[in-house]
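Reading through the structure tokens given below for one structure.
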Amino acid sequence: MIDKSQAPNSRAKWPGYLARKWQIGVAIFALVALPVVPYVNDPYWVTLISATLMAAYLNIVWNWAGGFAGLLSLGHAAFFGIGGYTAAVLLHQYDVNPWLGMVAGATVATVSGAAVALAAFRFKVRGFYFALLTFTAALVLPAMVKTSSFLGATEGIFLPLKDDVTQLQMFDRRFFFWTYYIMILVALVVTVAIDRSSLGRQLRAVKGDEDAAESLGVPAARLRVIIMSLSAGFTGLAGTVYTFQTLLAHTETTFDTGRFFLVIISTMIGGLGTVAGPLIGAFFLTGVRELIDKVPVSSQKAAAVSMMVYGLLLIGVGIMFPRGIVGMVEGVGGFIGSLPGRGRKHTATVSAAQYRSPIVAESAGIGFGRTKDDTPELVVTGLTKRFGGLLAVDDVSFKLYKGEIVVLIGPNGAGKSTILEICSGFLKPDAGVVTFKGKKISGQPPHKVNRMGIGRTFQKTRPFENLTILENVLVAAGLRSANTTEATAKAMECLRLVGLVPQPGPEALGSYLSTGQRKRLEIARVLATDAGILLVDEPFGGLDERSQGPLIDLLRYLRHTGCGIVLVEHKLSVVEAVADRVIALDSGRVIQEGTPQEVLQNREVIEAYLGGAGELVKPAPNRH
Amino acid sequence: MKEENKVPGEISRRRFLQRSGLLAVGLGAVALVGCGDDDDGEETGTPTGTSPAGTSTGQATATASPRLETVNIGLLYPLTGVASGFGNPIVDGFKFAFDRINAAGGVKNPNGMNISINPVLVDTESSPDVAPQKAEELGNRSDILLVSGVSQSAAVLQVAQVFARLNVPLLCSVDARDELTSSGFTQTFRIPPGFDTGSRFIVRAMDEIGTAAGEPMTKVAIIYHSGVPAVGDSMEEEATKLGFNVAEKISYDSQTEDFTTMMVRLKDTGVDGLILNVLSADAIKLVQVMKQLDYNPLGVGAHAGGFNDAGFVATLGADAENMITAGWFFTDEQVDGADAVVNEWKQTTGNDIPILAPLGISAAAVVANALSRVEELSREALIQALSETDMQLGEDDFLVANGCKFDATGVNTAFVHVVGQYQGGVGKSIWPPDIAGGEAVWPRPAWS
Amino acid sequence: MLELKIISQALAVGVFIGLTYALVTLGFSLTFGIMRVINFAHGAFVMGGMYLALKTFQDLGMSPYFAVIFAIPIASAVGGAVYRLVFVPASGRPLETQFILGLGLAIFFENAALYLFGADIVAVNIDLSTHRVAVADVGISAAQLIAGCASVFMIAVVAFVIYRTAFGRQVRAVAQDPQAAQMCGIKVHRVNMAAFALGVTTAAIGGVLLIPFTAVSPPIGLAFSLKAFIVLVVAGVGTVPGLLVAGLFLGITESLTAAYLPSAWAQVFELVAVVLLLIVRPQGLFGRETW
């Protein structure tokens, strides 16, 4: 099976926390300083800055999809072109006022963006292939326009020159300056809103790890459709304005893919997925181009040399600023902060003295207030899953009650993890049904399964490396809270339960955690989803003896609050310590079920599981 | 020896045309002085205030000491990118012509000015996006008096509207889209007209040449690049009007990798005349395929485009022989002063003059001519002067047939495409008869 | 009768042009499959090969095919240098960075060519360019025949190297898992550099084969990159038969539409097919994601 989801090298390790105050400061400063430009009595500057503003605007709105959501769209030229052509055709063929055309253009672009995103997600075109798909879409549209005389074919639609603001154009070029200025203002407000909201956090979570985000109840596909259509619509708006600025809708200009190559490049130079990065990048690129252009060309060779310098500059910038200018500034700031004497702690774990026992946390209102019950919560019936010729899970049935810990044991390849994958919605069973509180959950997408009350952790931990510890938990908490304050309180409490303290600064990024911390973070995250049932896959793997105690306490505490837990575990000491029931699996089948004592003393189990290997703790098996 | 004869002769002719009242005796003396000045100018680029040019002007006008003015002329052409093959030779033509004018002491204006011309080169990067941007920059520079550009059809309209808005005179040196005329820009001037007029000449020429040779085409095919549908339409209309059976009118895209199938079909349907408008790369391919198929129409003629490109004949060599092309100037034309330009080009650059360079030279001549008539150095005055342009072929080194006189829409009404044919590896003019220096080979001999 | 002739003619031309597309895409596919780099500068190496052949013909007066002798060392050196200077410092960077680098390289090479060779659009016209090789009524030029056959040969050689040699095993190991390969003692960067140089060399040889019937100018590089992109998407990564089939698909689509429709439609057909394919089968017709 080919995994379409993994974009090569696209594992973002860039900070998502970069929505720092200084960035907003830069943006505000730029926006306050810019209006000076129209009063510098030099139309050249007005023109240059207007063009830069349009580029910055395109960067900002592209960054919503490309930066925040990790949708590397190479096809925004299509939306730009759709916007421009819609307005041009409406004016040219139907005499519709350009301002109405602008609205229409943005609307059509929004719908197109949604359509592309929907098609992509319906067919699971992700990562690199999404880039290819959008790029091809951006090529196919102008190719189609070329064959249609209604759309001006290869000659384009030439719009009449007027000095009339009702026609979306004025001889005074400050008109376009102010148009782009207002557009940028709106776009920046939207950016800050996205960045600050739980939407932004969820988008970054999806970008960081789509599966993990879905496991926490984040509707990844819907979010991507929303952000893509938003980004497309705003891009289409710029397309209409640009068309009336240049008075031509033409396949080579209105659908120019090169423009969006520059958008991607300058956004990256500024800082992908940041607030101020797209703005900074656009001005940086303009500056570079101006410097190069300031050297007057006297011949073709000189012009060629200046373009060669430009190419080399792009390469240099690409190599030297992997995280963009914003990332570079942050790096310098982080370095200064880490200098001796600045006293920043680099640990994300609380000391033993600070660690509150989970039981104490109960009074803080975390927890679930559930009591033991006699009706089974999770019912697995006749579950069967094949991978090609391999029968991974073979007619497995079991039940899980409230406030009970069931441990799945078995040798590698026994099908334990596969069962968890099915119960959490990541795999569809070939046969059999999983129900939760009487409702069928097998076959539902992961985020819906989570919403219904089933949480999971991953065997190989998957924290969002681009988010801080707190943000990791907030992704889950934010979905279930009325406001940020409530969500933060809840997230903090969940973190405290597992013994993690959130810290500011890059050291707190998910990518900087140790294995034990990552495991705890995952549990905190899933706790924040309010799941009534937890599916926990080898949480003790890679933990030293000292760290096991608190985790065992935590599991017991969760059981105490009424949470049902399905645990996959190898360490027999742990099994004995927490298990209410144990289910032993071999080759996908249940071979024994019962209390820990019953199962662990069963001959068949010992033979299948302990006999050959002679070891209790096995190296981590593969997930499938 | 040769050079000495030519350069003074050329300069004397220009001055003669500017000031027809001058005496022949004085003329010889000025010419000799001017020659010396010319050499200096080659090195310094612009003439100095104390150059002998002052003396010559003193003879010409009553003004005691003319002011030396320098004007900046913007040249907005693609120097890099896909269209750079068009942009560069035109710009080279401009620079060559301006150097010559400056070396001779600049343009002599009766209002007490000697005007030297400084070209300001701006590269559009062949990008229809960059072009309007650069146009805006140029147009907003108050020291730019006039702009000439652009050789790309997608860019020219955008650029034209920028200059129309800023009221900067725009001089188009090369064929451009027809909408430019209909958009009513009063400061836009076009030396070759739009495709609608321009592309008809090749059809007419091939008709007349065939009839004169007694073997006219009957069934023709029109093949044109999809980027210029107006060319295809005009060609078809003209061919129909002249009584040809237009068997096929084919629009092709630059994505087309091979013409074999198309040519097989045309050959089989008995098409005996090909009327083309093709890009440079495709022109080469097309001829190669014709030879491969041993396809022998009576005549193969193209409107501008790839058949005029330097690479066409350089690549095809003998296979380009007898191909017909509508161009602007061929070196064998019977035009006053043309030889001097051609020779000086060869002398200064070491190369033959490219087919497109005379477009730049001629546009430069129009600029100089207008500058010699302006009341003051302003854009408005220059627009006025340009609209009153009335130049004969050969006047002031204007080499594009058949002179220059703009109508109310800024289109050159005197324009005629000169049609040439590759003979002995060189383009020879064969039509219209009053300008052409050579004889047409018709029908073209079969591939050997 | 005429119809049959036209169709078979279009097919013949499409097949042989399509084979050259496959060759042009080979290096693009190697670079992507092994290093996960979409190298938009790939077409520039085809352009480089074309200029090399042009200069061999013009300045040395030799058959352009002799340029292969120069192309192999020069292209290998250029490929190695580009990999070492650009892609090694950027290794492990995300897709977006690789994208910038490819574009920067493409701009650099295009304008370097403009500086060195000027903007004229030129080709090489030799006897083979216009010599017809025909079976019955259907034929192509000898140069096209040579280019098509040589392309198949080159692809076979590269396939042999990748699938049947020790070096090829290392390449495939790196393609599958660079870290694991490194742990096995494979010098990843060295293998990558060799593979990159191999890709560049095949591109340059492709250029040499094309010049007798395709004109070169500096901006043509991007056009080849685009073709390679389409062929790669249709074929999928890591498949030699896929490359051939996809190359033929592109060649035949172009020649058939050019025969019957305004040829602007060819691009519409190709791209729509690519969009549908990306949606339905993103890994391409034969793709396996790595080499």
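The values are calculated or read from the model by the stated rules, or taken from the named source; none is laboratory data. Because the structure is a prediction, the values reported are computed rather than measured. All Cβ positions, even for glycine, are placed from backbone atoms using ideal geometry, and neighbour counts span all protein chains on display. When the accessible area is computed, the model is the full protein with side chains, heavy atoms only, and any ligands, DNA or RNA have been set aside. Shrake-Rupley method; radii C 1.70, N 1.55, O 1.52, S 1.80 Å.
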* **Selected residue (criterion: most open to solvent (accessible area, probe 1.4 Å)) from residues of the stretch B:413-429 that are among the small types (Gly, Ala, Ser) and part of a loop (DSSP other than H, G, I, E, B)** => B:GLY424
* Asked: Looking at this structure, is B:THR315 assigned to a helix (DSSP H, G or I), at the interface with chain C (Cβ under 9 Å from one of its Cβ atoms), of a type in the set (S, T, N, Q) and touching a residue at least 12 places away in the same chain (Cβ under 8 Å)?
  -> yes
* Asked: With respect to the numbered conditions (1) touching a residue at least 12 places away in the same chain (Cβ under 8 Å); (2) assigned to a helix (DSSP H, G or I), which one is the sole condition not fulfilled by C:ARG169?
  -> (1)
* Only one of these is within 14 Å of another protein chain (Cβ to nearest Cβ) and touching a helix residue (DSSP H, G or I) at 6+ places or on another chain (Cβ under 8 Å): A:LEU100, A:LEU91, A:LEU71. Name it. => A:LEU71
* Asked: Of the residues that sit in the stretch B:296-312 and are more than 24 Å from B:ASP175 (Cβ to Cβ) and open to solvent by 10 Å² or more (accessible area, probe 1.4 Å), which one is nearest to the other protein chains (Cβ to nearest Cβ)?
  -> B:ASN296
* Considering only the stretch C:18-52, state which residues are over 12 Å from the mean Cα position of the chain (by Cα) and over 17 Å from C:PHE109 (Cα atoms). => C:PHE32, C:GLY33, C:ILE34, C:MET35, C:ARG36, C:VAL37
* Is the stretch C:99-118 home to any residue that is open to solvent by 10 Å² or more (accessible area, probe 1.4 Å), within 14 Å of chain A (Cβ to nearest Cβ) and not in a helix (DSSP H, G or I)? -> yes
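What do you reckon, is A:ASP195 of a type in the set (Asp, Glu), surrounded by fewer than 20 Cβ atoms within 10 Å (Cβ to Cβ) and away from chain C (no Cβ under 14 Å)?
So A:ASP195 does not fit the description; no.
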* Structure fact -> Log entry, pairs with first residue in the stretch B:196-215 being in contact (Cβ under 8 Å) with a residue 60 or more places away in the chain and closer than 12 Å to B:ALA302 by Cα, second being open to solvent by 10 Å² or more (accessible area, probe 1.4 Å) and of a type in the set (S, T, N, Q), beta carbons closer than 7 Å, six or more apart or on different chains, reads B:SER199/B:ASN277
* **Given (1) in a helix (DSSP H, G or I); (2) on the phi < 0 side of the Ramachandran plot, index of the condition B:GLU376 fails** => (1)
* Does the stretch C:176-197 hold any residues that are open to solvent by 10 Å² or more (accessible area, probe 1.4 Å) and either in contact with a Gly (Cβ under 7 Å, 6 or more places away or on another chain) or acidic (Asp, Glu) (or both), and which are they? -> C:ASP177, C:MET193, C:ALA197
* To do: Please find, among C:VAL86, C:VAL158, the residue that is more than 14 Å from chain A (Cβ to nearest Cβ) and among the β-branched types (Val, Ile, Thr).
  => C:VAL158
* Asked: Is one or more of the residues making up the stretch A:45-60 surrounded by fewer than 24 Cβ atoms within 10 Å (Cβ to Cβ), without any contact (Cβ under 8 Å) to a residue 12 or more places away in the chain and closer than 26 Å to A:PRO160 by Cα?
  -> yes
* **Selected residue (criterion: nearest to B:PRO229 (Cα to Cα)) from residues of the stretch B:161-180 that are open to solvent by less than 10 Å² (accessible area, probe 1.4 Å) and more than 19 Å from the chain's Cα centre (by Cα)** => B:GLN161
* To do: Can you run down the residue pairs with Cβ atoms below 8 Å, 6 or more apart or on separate chains, where the first is in the stretch C:1-21 and modelled with pLDDT under 90 and the partner is not in a helix (DSSP H, G or I)?
  => C:LYS5/C:ASP137; C:LYS5/C:VAL138
* Asked: With respect to the numbered conditions (1) without any contact (Cβ under 8 Å) to a residue 24 or more places away in the chain; (2) within 18 Å of A:TYR242 (Cα to Cα), which one is the sole condition not fulfilled by A:GLY152?
  -> (1)
* How about the stretch A:120-147: which of its residues are open to solvent by 30 Å² or more (accessible area, probe 1.4 Å) and facing chain C (nearest Cβ under 10 Å)? -> A:ARG122, A:PHE123, A:LYS124, A:ARG126, A:LEU141, A:MET144, A:LYS146, A:THR147
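Restricting attention to the stretch A:256-302, and to residues there that are part of a loop (DSSP other than H, G, I, E, B) and more than 11 Å from chain B (Cβ to nearest Cβ), which single residue is most open to solvent (accessible area, probe 1.4 Å)?
Filtering the stretch A:256-302 for residues that are part of a loop (DSSP other than H, G, I, E, B) and more than 11 Å from chain B (Cβ to nearest Cβ), the one most open to solvent (accessible area, probe 1.4 Å) comes out as A:VAL295.
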* Exclusive hit being surrounded by 16 or more Cβ atoms within 10 Å (Cβ to Cβ) and either in contact (Cβ under 8 Å) with a residue 12 or more places away in the chain or out of contact with any Ser or Thr (no Cβ under 8 Å at 6 or more places or on another chain) (or both), set C:ALA215, C:ALA156, C:ALA136 -> C:ALA215
* Asked: Looking only at the stretch A:148-174, which residues are buried (at least 16 other Cβ atoms within 10 Å of the Cβ) and either of a type in the set (Phe, Trp, Tyr) or within 8 Å of another protein chain (Cβ to nearest Cβ) (or both)?
  -> A:ALA153, A:THR154, A:GLU155, A:GLY156, A:PHE158, A:LEU161, A:ARG173
* Out of the stretch C:121-132, which residues are under 23 Å from the mean Cα position of the chain (by Cα) and either over 17 Å from C:VAL208 (Cβ atoms) or part of a strand (DSSP E or B) (or both)? -> C:ILE121, C:VAL122
* Filter the stretch A:18-29 down to residues that are under 20 Å from A:ILE269 (Cβ atoms) and open to solvent by 20 Å² or more (accessible area, probe 1.4 Å), then give me how many there are. => 7
